[in-house]
């Protein structure tokens, strides 16, 4: 078949031929850069009978994929394991596990029993890889880890790689209370959590400092204090660093914090209430007031936990809601009977998958590399529940009544509300992208918008930056930074933009990741520079738009520039204008942050770090001999030769490094 490379013609071709090929599938316009992105699959037997089609020959993509899979069946051992299906380009299409590899893999050679999604996958399969395991539970864990790492296109994907935050109490004579995120090193601290968000941990820790007054400084700061810090004066710390509290008294503070975090909040409050009453009776009103404030602080923490679970100590409550082919999974964290917050997840999957088939892979990926609580409460029965219990070594329940059912239903209600909010936001985003397409004369709403900006101070620390946005909002994993390498370009906005574009689109020609729209923070000069650069690379079909500040550089009065069209402005209350401003401002924020980080690093850098052949020991010898890096740079050759550990040849290199070209 013949394919036109214009995007609108591609879509027109699809619309014309979709009736002739009922299983023709359409990817987003951004992906249609190669002929293999359009795949005609073998029709099912029912479609052959209904439409009078003839059976396809062996040259069809689906038949070729089936032949590849059949070739592996002859040598597969009848053991549990994990398999990977790989495309002609080496991309991982799917990762699956099996109790018996041959029995599972052979199912892919029977296309009439496969859903359309898996038929597409088989049609693209050109090789497979296998790993055998001792048990099916081991295969399940390996599958989940590989899916999380490789992100195969045809698997249900949990696109979340953030570690949960914890509260940590360090091991020390005077322990530190701190927030921790990342790998838990249990020999160094005791951890409490996980919490749903960093904000939840920050708020809880701030309240604990008010209530129990543990230190928050690092061990190095603690060991070098000679007088109390501000935390002591505002009654957030008892200043153990300078002996304002004994080790025994501080240990009692730590004991109370541990008990509170372990769910004994009522006992601690009762204990503090008794102490407050005793202080009041002894007319020590200042101490009584302090204890009163501590009790109030603890009450504040408890009041934030609006969900109380009777009979639930350590458990995760997980509930799913589906709407219009999308799924939201809500997770509530309960530890020591206390609610540590909730988080929403939106796994990526095919629209026709039922909840059970989404929930099962979610569980595997969610707990891959994360601590598993003793109990997991689910809203729906997951596929292979017994296997998950064996692999995760926990109890999985789907309650139907009682307190646990109430918790699950509350989580399900939250999931439904979160999904409705997300879909409303998505609809708004879709309307904005339609407005952008109409405004700039695009064939369809853009799937990938790239926005470029650069920053420097009189040519110093020059950087360029690219941010990416699409139907799902800002795609921060796609952001890129460009350190300007051409010294002649630094300080020249046009030359900097040329370098950034040359580097970005040279790579795009290799990987095929082309944008549907390019926005440039600048005027006609920047637009001309970008156009010339792309023309040199042979790229002429990428829409370009430059955004320049209007009169007095006021927001809302921006001018938009396109090649071959007059510049124009939008009404100040136009939603599309606000959206384009957000894109421009995000690129500005990103490039300014990159520039400032580069400049800050340069301010604390040592000129001796760049010396060839000079390691830490020789650097230390030079500084001890001369006193400063500035004096090393000004030293004569004979002075450098007199430094211990510096040979004559190395002295010559150092001298040449600082004096060459002067």
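A short reminder: the numbers here are calculations on the coordinates, not readings from a lab. Just so it is clear, the structure is predicted and the values come from calculations on it, not from any experiment.
Some points to look at:
- At 1.306 mPa s and 10 °C, Stokes diffusion of segment 190-247 via Kirkwood alpha-carbon radius, µm² per second: 127 µm²/s
- Across segment 315-421, the mean sequence separation of Cα contacts (distance under 8 Å, 6 or more residues apart), normalised by length, yields a relative contact order of 34 percent.
- Counting Cα-Cα pairs of the chain in 10 Å increments starting at 0 gives whole-percent bin shares of 3, 11, 15, 18, 20, 18, 10, 4, 1, 0.
- Value of [θ]222 nm, deg cm²/dmol, for the chain, DSSP H segments ≥ 4, -39500 (n - 2.57) each, nearest 500: -14000 deg cm²/dmol
- Enclosing the Cα atoms of segment 449-514 in their convex hull gives a volume equal to 85 cubic angstrom per residue.
- Ratio of Rg to Rh over segment 118-254 (Cα coordinates, Kirkwood Rh, two decimals): 1.24
- DSSP beta bridges fully contained in the chain are about 75 percent antiparallel.
- Longest to shortest principal axis, alpha-carbon extents of segment 449-602, angstrom: 42, 35, 31
- Alpha carbon centroid spacing (whole Å) that separates segment 431-496 from segment 530-544: 15 Å
- Over segment 391-508, equivalent-ellipsoid semi-axes from the Cα gyration tensor in Å: 46, 22, 12
- Here the contact order of segment 607-659, divided by its residue count and restricted to Cα pairs under 8 Å and six or more residues apart, works out to 37 percent.
- Each 10 Å bin, from zero up to the one with the longest distance, holds this percent of the alpha carbon pairs of segment 607-659: 28, 69, 2.
- Length-normalised contact order for the chain - Cα pairs under 8 Å, 6+ apart - percent: 8 percent
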